[in-house]
1. Report yes if D31 is near the ligand (Cβ under 8 Å from one of its atoms), among the acidic types (D, E) and either open to solvent by 30 Å² or more (accessible area, probe 1.4 Å) or modelled with pLDDT under 90 (or both), otherwise no.
2. What number of residues in region 41-53 are at negative phi, within 11 Å of the ligand (Cβ to nearest atom) and surrounded by fewer than 16 Cβ atoms within 10 Å (Cβ to Cβ)?
3. For region 9-20, name all the residues that are open to solvent by 70 Å² or more (accessible area, probe 1.4 Å), assigned to a strand (DSSP E or B) and out of contact with any strand residue (DSSP E or B) (no Cβ under 6 Å at 6 or more places or on another chain).
Amino acid sequence: MAKLPRVLCPVCNDPVAGVPTRRLGMLSVHDHKRTPRALVLCPGSMTHVPAADAIAVQEELPEPAAERAEAPTLF
Ligand SMILES: [Zn+2]
């Protein structure tokens, strides 16, 4: 899982993932829909927003395999 910052979509104001772009200090709003079953993407998708406007940074989930370091035994 990638650590992507969350930004507010400039159109629907929903928190969505901000994807790094080649433009320094800017993030691209990840493709998203306004409603889950909609057939079209929100027009705010792919627009660039300043990275300083990120509202949160998603933490990486812990690896489940790292928790049990020893080999699994029957009993
Ligand atoms: Zn949107």
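1. No; evaluated as a whole, the condition is false for this residue.
2. Qualifying residue count for the region: 3.
3. Within region 9-20, P20 is the sole residue that qualifies.
The values are calculated or read from the model by the stated rules, or taken from the named source; none is laboratory data. What you see is a predicted model, and the numbers here were worked out from it, not measured in a lab. Every residue, glycine as well, gets a Cβ built from its backbone with ideal geometry; the counts of neighbours run over all protein chains shown. With ligands, DNA and RNA removed, areas are computed over all heavy atoms of the protein, side chains included. Shrake-Rupley method; radii C 1.70, N 1.55, O 1.52, S 1.80 Å.
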